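Trainee: One structure, pasted below without further comment.
We did not get these values from a lab; they are worked out from the coordinates using the rules stated. Please read all numbers here as calculations on a predicted model, not as lab measurements. Cβ: placed from backbone, ideal geometry, glycine included. Neighbour counts: every protein chain shown.
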Amino acid sequence: VAAPTAAPASRRTVDLPALVERALDGEQRAVARLITLVEDASPRLREVMAALAPHTGRARIIGLTGSPGVGKSTSVAALVTAFRAQGRRVGVLAVDPSSPFSGGALLGDRVRMQEHATDPGVFIRSMASRGHLGGLSWATPQALRILDAAGAEVILVETVGVGQAEVEVASLADTTIVLVAPGMGDAIQAAKAGILEVADVFIVNKADRDGADNAVRDLRNMLSYGDGPHGAWRPPIVRTVASRQEGVGDVLAAVEAHHEWLESTGELTRRRTDRAAAEIEAIALAQVRARFGDLHGAVALPALAGRVVAGEIDPYSAADELVASVTEA
Ligand SMILES: Nc1nc2c(ncn2[C@@H]2O[C@H](COP(=O)(O)OP(=O)(O)OP(=O)(O)O)[C@@H](O)[C@H]2O)c(=O)[nH]1
Ligand SMILES: [Mg+2]
């Protein structure tokens, strides 16, 4: 009978430096295992990130967002094909920030990604970040660092699910692509959700369907071109039929133009610095929150709460005491 502790024990004895070396060599299995450490919020991530740091900062990060079924995964697959044709190594990260089950959508993606699955120049990984301390903003940047260090020159990030996560993922990318499709009222939905502002490039996908012209027109109307300071970036609108690889070259050209604009204006450095600041903050807050958690079962927080209930202390002073106790720990 196998000892029930076998799995955790083998996990603990993992030769991390060797795993990191293999990931740096671009070995897919090693990359996958490191990203699993992110999903598990492993305490050994600190070690991994320290070893990877000198090898990061090269990858271009492209986020794709848009309503369910608009064609994000199909577009990701089409873009992977196009980037591979240019000889670039590509990482794909599908993030599921909300759903408790990473079922259907991600499974569908895996099927669509089949043609790329055996290509050693493509890293594909889906990740559930739900339930993490700090959630998406904590886990995604770390997975991106791993892919970056492993040699992915371009990383495509697709979010599954709608809402705040879309805007959040946009803040993780150098270039954010917002997809809409004809007849879905997408442009209006996107405007409502505050997604128009985060778009660097628009794709009107499913241009083989009726209403593509209307979708382009809706977007143009809402974008109010002509405003904005001289030299500001104006998000181009590209039509695609992702399922037939049509228009993908135009998307690549738009992404390239945006990258050149980012570099020439210093915006790339600004965005990456903002991102690093958000990442540091997320890690720091997770650490503080973990210490609060330790105190939940212990004396400090329940004792403080009791004193607040008894009217011995006000909640602000109690919070001060709690913060002082965790930051001095
Ligand atoms: N007609 C047409 N169908 C397309 C096109 N692109 C994608 N589709 C189809 O649209 C459906 C949804 O595509 P997906 O790529 O899974 O869309 P998604 O945005 O990733 O969907 P979720 O991840 O579930 O939000 C699939 O059946 C695709 O084959 C296109 O350009 N034209
Ligand atoms: Mg998808």
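Trainee: As a footprinting exposure proxy, order 258, 55 by other Cβ within 10 Å, with the fewest listed first.
Mentor: Least to most surrounded, the residues fall as 55, 258.
Trainee: Could you give the semi-axes, largest first, of the ellipsoid that matches segment 237-329, computed as the square roots of 5 times the alpha carbon gyration tensor eigenvalues and rounded to whole Å?
Mentor: 52, 17, 11
Trainee: Label points 7 Å out from Cα along the Cβ direction at residue 171 and residue 46: separation in nm?
Mentor: That separation, rounded to one decimal, is 2.5 nm.
Trainee: Could I ask something else about it? Hey, fewest Cβ within 10 Å first, where do 233, 138, 261 land in order?
Mentor: 233, 261, 138
Trainee: Now a separate question. Give the calculated FRET efficiency between residue 209 and residue 285 to the nearest 0.05, with a Förster radius of 41 Å applied to their Cβ-Cβ distance.
Mentor: 0.40
Trainee: Which residues among segment 49-87 fall inside the zone where the amide N is under 15 Å from a point 7 Å beyond the Cα of residue 18, along Cα→Cβ?
Mentor: none
Trainee: Still on this structure, please answer the following. Nearest 0.05, what FRET efficiency do residue 85 and residue 25 give at R0 = 41 Å with Cβ-Cβ as r?
Mentor: Result of the calculation: an efficiency of 0.95.
Trainee: Report the calculated FRET efficiency for residue 153 and residue 325 (r = Cβ-Cβ distance, R0 = 51 Å), to the nearest 0.05.
Mentor: Result of the calculation: an efficiency of 0.65.
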